[in-house]
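J.: First the structure, then my questions, so here it is.
What follows draws every value from the coordinates through simple rules; no lab data is involved. Since the model is a prediction, treat every value here as computed from it, not as a measurement. Here Cβ is always computed from backbone atoms with ideal geometry, including for glycine, and neighbour counts include all displayed protein chains.
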Amino acid sequence: MKEVLRATIMDVTMVLPSELEKRSVLNGSHAMMDLLVELCLQNHLNPSHHALEIWSSETQQPLSFKPNTLIGTLNVHTVFLKEKFPEEKIKPVPPKVPEKSVCLVVNYLQTQKAVVHVSPEVPLQNILPAICAKCEVSPEHMVLLRDNIAREELELSKSLNELGIKELYS
């Protein structure tokens, strides 16, 4: 078969990625992958970034082929050398930096304790909903105190770090 194809000379139209058309005479015993490499070398292109698309002279439709298919076995009219567009690589998301948290001990109802993990830099007004949810108390009824003896009310605009506490009372 290969001997028969060696004698086969094919006249085809080559369309380069730049849309430039060239008439070319090909030997029928060329494998499609060899043709791709040859075309890329002639036009100073990288074969790994390009692919061949061949169109039938009868149906004017693209033909499917394998890399080792001999061009003489296909009814080729036009050969397109097309640039492959690499798929967008998904950039890995940087790992989320863990937020610093502390265990806040909340003493409520004079005999109950709850532990809430919160950020020490966040103002108390922002963590009040988490405290209320943990203690099952409505925010309207919650008053945060520094200690149970002096009953000093805490300023809600300050954070635990600013107040220098890790335990509070309500």
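J.: Let me check I have the definition right: for region 2-83, take the eigenvalues of the Cα gyration tensor, multiply each by 5, take square roots. What are those semi-axes in whole Å, largest first?
T.: 19, 14, 12
J.: Right, next: With +1 assigned to the C-beta of every Lys and Arg and -1 to the C-beta of every Asp and Glu, and no other charges, what is the dipole magnitude of region 2-83 about the Cα centre in debye, to the nearest 20?
T.: About 160 debye.
J.: A follow-up question, please. May I ask you to give the average projected area over all directions of the convex hull of the Cα atoms of the chain, in nm² rounded to one decimal?
T.: Spelled out: convex hull of the Cα atoms, projected over all directions, averaged, 19.9 nm².
J.: A further question follows. Tell me, what ³J(HN,Hα) does each residue in region 93-106 have, in order and in whole Hz, if you take phi through Karplus 6.51 cos²θ - 1.76 cosθ + 1.60 with θ = phi - 60° and put x for Gly and Pro?
T.: Values, residue by residue: 6, x, x, 6, 6, x, 7, 5, 9, 10, 8, 9, 8, 10 Hz.
J.: I'd like the orientation of helix 32-42 relative to the chain: the angle between its Cα long axis and the longest Cα principal axis, in ° from 0 to 90, rounded to 10.
T.: Tilt of helix 32-42: around 90 degrees.
J.: Something else: Neighbouring Cβ atoms within 10 Å as the yardstick, rank Thr69, Thr8 fewest first.
T.: Thr8, Thr69
J.: About the Cα centre, and with charges only on the beta carbon of Lys, Arg (+1) and Asp, Glu (-1), how big is the dipole of region 102-169? Nearest 20 debye, please.
T.: It works out to roughly 180 debye.
J.: Roughly how big is the chain's charge dipole about its Cα centre, with Cβ charges of +1 (Lys, Arg) and -1 (Asp, Glu), in debye to the nearest 20?
T.: 400
J.: Sticking with this one: Region 21-92: which GluC sites (Glu not before Pro) are DSSP loop and have at most 15 other beta-carbon atoms within 10 angstrom?
T.: Counting only loop positions with at most 15 other Cβ atoms within 10 Å, the GluC sites (Glu not before Pro) in region 21-92 are Glu58, Glu87, Glu88.
J.: Kindly express, to the nearest 10 degrees and within the range 0 to 90, the angle between helix 124-135's C-alpha long axis and the longest C-alpha principal axis of the chain.
T.: 80
J.: Could you work out the percent of alpha carbon pairs in region 102-169 separated by over 20 Å, rounded to a whole number?
T.: 15
J.: At each listed q (0.23 Å⁻¹), what is the log10 of I(q)/I(0) that the Debye formula gives for region 61-101 modelled as equal alpha-carbon point scatterers?
T.: Normalising to I(0) and taking log10 leaves -0.93.
J.: Projected onto the charge dipole of the chain (+1 at Lys/Arg Cβ, -1 at Asp/Glu Cβ, origin at the Cα centre), which of Val118, Gly28, Val15 gives the Cα projection farthest towards the positive end?
T.: Towards the positive end, the residue furthest out is Gly28.
J.: Report the per residue volume, in Å³, of the convex hull enclosing the C-alpha atoms of region 60-133.
T.: 246
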